[in-house]
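Step one of this worksheet: look at the structure below.
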Amino acid sequence: AQSRGAIEILAYEPELEAETSQRFTRSRDLYRALHGNEISIELQAQVDLRSGRIIGAEALARWTRPDGTRIPPGEFIPMAEANGLIVPIGRQVLHLACQALERLRAGGFPDISVAVNVSPLQLGQRNFMQEFIATARDYRISPELLEVEITETAAMGDYEAKGQLLRGLRDAGFPIAIDDFGTGYSSLAHLRSMPATTLKIDRHFVSEISANSGEHMIADMIIGLGRGLDMQVLAEGVESQEQAQWLLEHSCMQAQGYFFARPEPLDAFIQRLSIVHA
Ligand code: C2E
Ligand code: CA
Ligand code: CA
Ligand code: CA
């Protein structure tokens with residue numbers, strides 16, 4: 001009886017069994033999805049608040065089943081992080097982002113940048129940096145147009161090793177954005193030593209800007225922090241004119257959110273650029 005492991009105990013819980021087998025089926029589906037080209041990206045515009053011009057886009061992974069059903073990233077990204085598939089998915093997203101940059105250049109928009117999300121698991125891969133640099137080089141992408149987004153939490157854990165890796169990417173010319181900033185617990189001392197170029201204010205703090213809850217104080221502090229550290233600050237999840245106005249008045253010059261544009265396929269993004277930048 002002593003040797004009965006957790007798995008055996010779990011197997012006797014019918015509900016957990018169902019859940020485990022569903023998770024297994026989903027993992028297998030995700031594996032097939034990756035090899036069946038069901039993973040694509042959409043691009044969400046990032047704008048300069050002063051000029052109203054589009055300066056870049058964030059690449060967001062999408063999973064579309066052959067029958068057209070879409071599985072939200074909030075479901076499949078955590079799963080991919082748990083089963084390791086985030087590594088090949090991230091690789092695919094990087095290739096798609098480079099292809100998007102190629103198309104933007106060919107379409108007459110050579111200054112538009114594209115940001116990719118990089119998970120901590122990818123950062124932990126031995127050859128991550130070399131592979132990233134080699135991929136960008138293969139597509140002949142100017143490094144300053146390909147931005148790396150890492151969440152605050154991912155950037156801060158094991159910060160010496162990660163700091164070194166990120167510094168390598170930074171030295172190679174790639175901009176680095178700290179994603180979801182304000183939601184983690186980074187110390188200011190560590191932040192100062194990070195080679196980041198941009199702080200992205202998490203949309204939670206942006207969503208509170210119009211309500212009189214005091215949360216806009218946090219957005220204000222992050223803007224000040226970014227300025228003090230000589231980093232750009234971009235507000236995520238901007239959904240209203242009021243928020244955009246507030247940000248501009250408080251010296252946050254870059255924004256992203258449904259108020260400007262939803263994530264969209266590359267063709268639609270290029271279409272948008274040709275209208276806005278006509
Ligand atoms: P994130 O990196 O914080 O990406 C921003 C998310 O906010 C996106 O959700 C975007 O569609 C959504 N969003 C943008 N503007 C607004 C707005 O005005 N209001 C609201 N309510 N939401 C807005 P999405 O595409 O569902 O992605 C969710 C998360 O999944 C991402 O959050 C990111 O953490 C992860 N993710 C997506 N693609 C990738 C990827 O290629 N690699 C990795 N590692 N993670 C990814
Ligand atoms: Ca992001
Ligand atoms: Ca974010
Ligand atoms: Ca997020």
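The values are calculated or read from the model by the stated rules, or taken from the named source; none is laboratory data. These numbers come from a predicted model, not from an experiment. Note: ideal-geometry Cβ built from the backbone for every residue, glycine included; neighbour counts use all protein chains shown. All accessible areas refer to the heavy atoms of the entire protein, side chains included, with ligands and DNA or RNA removed. Shrake-Rupley method; radii C 1.70, N 1.55, O 1.52, S 1.80 Å.
In the chain, a dipole from Cβ-located charges (positive for Lys and Arg, negative for Asp and Glu) runs towards its positive end, and of I112, M217, N83 it is I112 whose Cα lies farthest in that direction.
Placing a label point 7 Å from the Cα of R167 along the Cα-to-Cβ direction, no residue of segment 142-156 has its backbone N under 13 Å from that point.
Each 5 Å bin from 0 upward holds the following percent of the Cα-Cα pairs of segment 16-145: 2, 9, 18, 20, 18, 14, 10, 5, 2, 1, 0, 0. Give me the dipole magnitude in Debye, nearest 20, for the chain about the Cα centre, with unit charges on the beta carbon: positive for Lys and Arg, negative for Asp and Glu. Computed charge dipole of the chain: roughly 820 debye. Across the accessible surface of the chain, with the other protein chains kept in place and a 1.4 Å probe, carbon and sulfur atoms take up 51 percent. Express the relative contact order of the chain as a whole percentage, based on alpha carbon pairs under 8 Å and six or more residues apart in sequence. Computed value for the chain: 18 percent relative contact order. To the nearest 10, the accessible area of H250 is 50 Å² with a 1.4 Å probe. Residues in segment 272-278 carry Karplus couplings, in order, of 4, 4, 5, 7, 5, 9, 5 Hz; the curve used is 6.51 cos²θ - 1.76 cosθ + 1.60 with θ = phi - 60°, and Gly or Pro positions show x.
Comparing M253, Q164, H190 along the charge dipole axis of segment 151-278, the residue lying farthest to the positive side is Q164, per the Cβ-charge model.
All distinct Cα pairs of the chain go into the 1/r average, and the inverse of that average, the Kirkwood radius, is 20.1 Å. With R₀ set to 30 Å, the beta-carbon distance separating V276 from S251 gives a calculated FRET efficiency near 0.85.
Distance between the 7 Å Cα→Cβ label points at L229 and T20: 4.2 nm.
Accessible surface calculations at 1.4 Å, restricted to protein heavy atoms, place segment 168-278 at 49 Å² per residue. Ellipsoid semi-axes for segment 139-224, based on the Cα gyration tensor and the rule √(5λ), read 26, 16, 9 Å when sorted largest first.
Rg/Rh for segment 97-160 (Cα atoms only, Rh after Kirkwood) is 1.03. Semi-axes of the equivalent ellipsoid of segment 164-278: what are they in whole Å, largest first, if each equals the square root of 5 times a C-alpha gyration tensor eigenvalue? Working through the eigenvalues yields semi-axes of 24, 21, 11 Å.
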